[in-house]
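Take a look at the structure below.
The values are calculated or read from the model by the stated rules, or taken from the named source; none is laboratory data. Since we're looking at a predicted model, the values are computed, not measured. For neighbour counting, all protein chains shown are included, and Cβ atoms are generated from backbone atoms with ideal geometry for every residue, glycine included.
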Amino acid sequence: METKKNTMRKANFHLELMDLGNDNPPFEWKESLNPKQMKRWERGEAALAVAPPKIESEKMFVRFVAVAKACQKWRAGPEPASDEFIKSLQELDKCQKEGLMLALFPVERNRDQWAKLLNVTGAQLAYIAYHTFKPLLKFYGEKVSAQVSISHWLKNYCPVCGDQPTMAKLSGQDGHRKLYCGRCETHWRYKRSGCPYCNEDDSEASFFTLDDNRQYRVYLCDHCKSYLKTVDERECGEVDLFCEDILTVELDELAHNEGYQRGGTEHYG
């Protein structure tokens, strides 16, 4: 029963965020990576570090407050967003609002300083920023992916934003593995075995499944004690990992109960 409640709460949180205007990101990015930037990307720098888009801070702050209120309503994130935190946000002046947005995007700077000012933990601040910039980064990722050869990127972090993967899927007849970035919703191919969080290359890594849902696997790494939820598309056909992540809260709880933590959880929660 508790698992069902958590799933519904998580789903309602994301549905509310979708109503905030995800289809109209508050920026335009029409640039093309120049040869120098392309070389940097090919050497392993994520596109966001190479060619970050400019944002409209005022509009992003409005979304940031809306996300914070949604976190409070649906108890999302590392801990509930307090009334004091919401009030602190609303009392910021124009320069502070812009400073907060620029500090959190694209790379977090002075996060602890802002967390102290706003009466919130750094982890919760990162969680709200994650969901504030997510639609923007998804749009940015689509533009970047049209310019670079994602199929040549075989690293354990996202080629667009540089974040760690949140899920994976096994695709094609050969069951090759694709990692998924929940931050910008980019997919990229990765080696079939080994942990993408600590790079431990253990071809005998363990995993567990559910008897009534064989398409789901949870890979466990005993080296860093992380886990990676994975969907086998050979069992169920093509899936949307954003939705699958919401629907598989039970797998998270099972892994947590065994002493494993989700990889890359600082921003994702």
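A few remarks follow.
- Filter pass, SER193 being outside the structural domain of GLN37 (by TED's automatic domain parsing), over 20 Å from the mean Cα position of the chain (by Cα), under 21 Å from GLU244 (Cβ atoms) and of a type in the set (Ser, Thr, Tyr): no
- Contacts under 8 angstrom Cβ, first residue in region 84-105 being assigned by TED's automatic domain parsing to the domain that holds CYS71, partner of a type in the set (Val, Ile, Thr) and assigned to a helix (DSSP H, G or I), 6 or more apart: ILE86/VAL65; LEU89/VAL65; GLN90/VAL65; LEU104/THR132
- Check on ASP240, of a type in the set (Asp, Glu), within 17 Å of the chain's Cα centre (by Cα) and farther than 22 Å from LYS5 by Cβ: yes
- In region 56-79, the qualifying residues are those that are assigned to a loop (DSSP other than H, G, I, E, B) and under 19 Å from the mean Cα position of the chain (by Cα), and the one that is modelled with the lowest pLDDT is GLU79.
- Number of positions in region 81-115 that are over 17 Å from HIS14 (Cβ atoms) and outside any helix (DSSP H, G or I): 10
- Each residue in region 13-47 was checked for being outside any loop (DSSP other than H, G, I, E, B), modelled with pLDDT under 95 and polar (S, T, N, Q), and 0 of them qualify.
- Sub-7 Å Cβ pairs linking a first residue in region 127-139 that is farther than 14 Å from LEU102 by Cα to a second residue that is polar (S, T, N, Q), at least 6 apart or interchain, are PRO135/ASN22, ordered by first then second residue.
- Qualifying residue in region 212-228 (condition: touching a residue at least 60 places away in the same chain (Cβ under 8 Å) and closer than 13 Å to MET167 by Cα): yes
- Screening ASN156 with (1) assigned to a helix (DSSP H, G or I); (2) under 19 Å from the mean Cα position of the chain (by Cα) gives one miss only, at (1).
- Boolean, ASP174 is surrounded by fewer than 16 Cβ atoms within 10 Å (Cβ to Cβ) and not assigned by TED's automatic domain parsing to the domain that holds SER32: yes
- Residue in region 230-248 that is of a type in the set (Lys, Arg), without any contact (Cβ under 8 Å) to a residue 40 or more places away in the chain and not assigned by TED's automatic domain parsing to the domain that holds PRO78 present: no
- Condition met for GLU56 (under 20 Å from CYS161 (Cβ atoms), touching a residue at least 12 places away in the same chain (Cβ under 8 Å), surrounded by 14 or more Cβ atoms within 10 Å (Cβ to Cβ) and touching a Phe, Trp or Tyr at 6+ places or on another chain (Cβ under 7 Å)): yes
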